[in-house]
Amino acid sequence: MTTFADLGLPRDIVRVLDNQGITSPFPIQAAAIPDALSGKDVLGRGPTGSGKTFTFGLPMLSRLAGSGVSRPGHPRGLVLAPTRELATQIQQRLDEPAAALGLRVLDVVGGVNINRHIRSLARPVDLLVATPGRAQDLINQGKLFFDEVRITALDEADQMADMGFLPQVRKLLQLTPDDGQRLLFSATLDGEVNKLVKQFMHDPVTHSTAPVEAAVDTMEHHLIFIGTREARNDVVLRLGARKGKTIMFMRTKHGVDRQAKKLRRVGINAMPLHGDKGQGARTRAIEGFADGSVPVLVATDIAARGIDIADVSLVVHVDPPAEHKAYLHRSGRTARGGDSGTVVTLVTDEQRDEVAKLIKKAGVKHTDLDISDRDKPASSPELAQMTGARKPTGEPLGPPNQQQPGAQKTSATANTRNKADDKEKAGKSGRSGQHQQRSGGTRRNGNRRRRSNRSAGQR
């Protein structure tokens, strides 16, 4: 069996991975890390959850550790990510391996006061993880420079294209040295992404795992025909009350907020997540969902690639997505790291034809459950058996993170603080980003280092 040591990674990094219980590389890691370590440009094609963060991140850290020192505002390594959540998670997972090599990793993302980033950049940063917009803002203010970037990685490049970021990404890449190493990772490598490859990469080596459609092979897919929107509302409440982590997807920000409120009114600790939420609210939602204090996350498509959390057992398409790629990426929030998961799409009568076309394009095998003719579809025993749906308590919760008189302290903030305090007292490291938010650089003191999520799906 191949180990991370066999791939040529430094002992200090291997030791960190061993301590996290990570000993065997994923296929794309075993294939691509040696090439990246040798200085080659690498194209990585694989679904979410296949281990891309470590595939580009560990070689970057390894090469930076042996190639000089960094100056304030002049990082030597750069990772560009499409969403705040993804950028923050990348930083968190690379934080501890970087610290073991004496390197500093910093994330700069939108939604955070830019002055905090300016202060953080006043100290040397070895590896910068950034969203394109915030990186450009800092460059425009004369606080960030890419003239010393030797290694650049683009994560989720296809999402960059889908979100219209590629013109900005091109502008940023043009600021890096022409002879720098480039690592590009994506679920697909066609269209606009391919143009980016031709423009900026030098004789890249391509490593592919399975295509994006294969990301859902370990899932069970179910279409549940519920008839009316009124029946759908009742079904959603039952699904929210089940045991385990559930992500519900809506098409609009307004729909997310409304659905989260409905769930909270019947006693389900659900948190909304969409682009209009401030960074603090987004971080609390994700941290609470990651540590289990918030069992239900209601989100727009931003979360389809913006978060990577283990143990999500159910994905619910409350609103079916507009196109099949979105279905696959939404669904990819479950069944991560080889685990199994369940994906449910709720279908009203007027959505039957639309969903049939969507599922055909997605290319997934599915079962159908038609409860549209039942007097109370939500009470269907088949629904309960398939998903674990159950009747909610009916005890209303207030707005997210607001402490309720006599209510359990289930907010993400309370859990985060309590767990962080406990670990401080014990002198142990906290888990990466699951219980603490960091907006500055890496803290080097041992009891402050964050431990990356040990789940294989979190690599």
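The table that follows gives values for the structure above.
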quantity	calculated
From V256, V294, V236, V298, residue being in contact with a Pro (Cβ under 9 Å, 6 or more places away or on another chain) and in a helix (DSSP H, G or I)	V256
Failed item in (1) closer than 21 Å to G398 by Cα; (2) modelled with pLDDT of 95 or more; (3) aliphatic (A, V, I, L, M), with I286 passing the rest	(2)
Residue in segment 36-46 that is in the same structural domain as L173 (by TED's automatic domain parsing), modelled with pLDDT of 95 or more and assigned to a helix (DSSP H, G or I) present	yes
Filter result for A5 (under 16 Å from A100 (Cα atoms), without any contact (Cβ under 8 Å) to a residue 40 or more places away in the chain and surrounded by fewer than 22 Cβ atoms within 10 Å (Cβ to Cβ))	yes
Residue in segment 65-111 that is farthest from L166 (Cα to Cα), counting only those that are charged (D, E, K, R) and touching a Gly at 6+ places or on another chain (Cβ under 8 Å)	R104
Considering residues of segment 198-224 that are in a helix (DSSP H, G or I), surrounded by fewer than 20 Cβ atoms within 10 Å (Cβ to Cβ) and not basic (K, R) only, the residue modelled with the highest pLDDT	Q199
Index of the failed condition, I268 passing every other in (1) in contact with a strand residue (DSSP E or B) (Cβ under 8 Å, 6 or more places away or on another chain); (2) within 30 Å of S186 (Cβ to Cβ)	(2)
Some residue of segment 185-197 being among the small types (G, A, S), surrounded by fewer than 21 Cβ atoms within 10 Å (Cβ to Cβ) and within 30 Å of V343 (Cβ to Cβ)	yes
Residues of segment 160-178 classified as among the small types (G, A, S) and in contact with a Gly (Cβ under 8 Å, 6 or more places away or on another chain), total	1
Where a residue in segment 360-376 is basic (K, R) and its partner, wherever it lies, is surrounded by 10 or more Cβ atoms within 10 Å (Cβ to Cβ), with Cβ under 7 Å and at least six apart	K361/H324; K365/H221; R374/S380
Among (1) out of contact with any helix residue (DSSP H, G or I) (no Cβ under 9 Å at 6 or more places or on another chain); (2) assigned to a loop (DSSP other than H, G, I, E, B); (3) surrounded by 16 or more Cβ atoms within 10 Å (Cβ to Cβ); (4) not aromatic (F, W, Y), the one test that I268 misses	(1)
Residues being in contact (Cβ under 8 Å) with a residue 40 or more places away in the chain, not in a helix (DSSP H, G or I) and not small (G, A, S) - total across segment 8-35	5
Total residues in segment 189-208, condition within 23 Å of the chain's Cα centre (by Cα), farther than 20 Å from M163 by Cα and not polar (S, T, N, Q)	1
Complete set of residues in segment 94-131 that are modelled with pLDDT under 95 and on the phi > 0 side of the Ramachandran plot	G111
Members of segment 330-370 found to be of a type in the set (V, I, T), over 28 Å from E85 (Cβ atoms) and touching a strand residue (DSSP E or B) at 6+ places or on another chain (Cβ under 6 Å), listed by number	V347, T367
Filtered residue count, segment 320-355, keeping only those that are surrounded by 13 or more Cβ atoms within 10 Å (Cβ to Cβ) and either hydrophobic (A, V, I, L, M, F, W, C) or at positive phi (or both)	9
Residue that is on the phi < 0 side of the Ramachandran plot and in contact with a helix residue (DSSP H, G or I) (Cβ under 8 Å, 6 or more places away or on another chain), where the choices are G8, G44, G66	G44
Residues located in segment 132-164, provided they are in contact with a Lys or Arg (Cβ under 6 Å, 6 or more places away or on another chain) and either outside the structural domain of P75 (by TED's automatic domain parsing) or on the phi > 0 side of the Ramachandran plot (or both)	E156
Boolean, R352 is under 28 Å from F54 (Cβ atoms) and touching a Phe, Trp or Tyr at 6+ places or on another chain (Cβ under 8 Å)	no
Residue that is farthest from A87 (Cα to Cα), among those in segment 131-171 that are outside any helix (DSSP H, G or I) and touching a Leu at 6+ places or on another chain (Cβ under 6 Å)	K143
Residue match in segment 172-191 (condition: under 21 Å from G111 (Cβ atoms), in a helix (DSSP H, G or I) and of a type outside the set (A, V, I, L, M, F, W, C))	no
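Each row is one residue, and each column tells you yes or no for (1) β-branched (V, I, T); (2) over 25 Å from the mean Cα position of the chain (by Cα); (3) in the same structural domain as I28 (by TED's automatic domain parsing); (4) under 20 Å from F249 (Cβ atoms).
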{"position": "V343", "(1), (2), (3), (4)": "yes, no, no, yes"}
{"position": "L346", "(1), (2), (3), (4)": "no, no, no, yes"}
{"position": "E354", "(1), (2), (3), (4)": "no, yes, no, yes"}
{"position": "V364", "(1), (2), (3), (4)": "yes, no, no, yes"}
{"position": "K391", "(1), (2), (3), (4)": "no, yes, no, no"}
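The values are calculated or read from the model by the stated rules, or taken from the named source; none is laboratory data. Computed from a predicted structure; not experimentally measured. Reconstructed Cβ throughout: ideal geometry from the backbone, glycine too, with neighbour counts over all protein chains shown.
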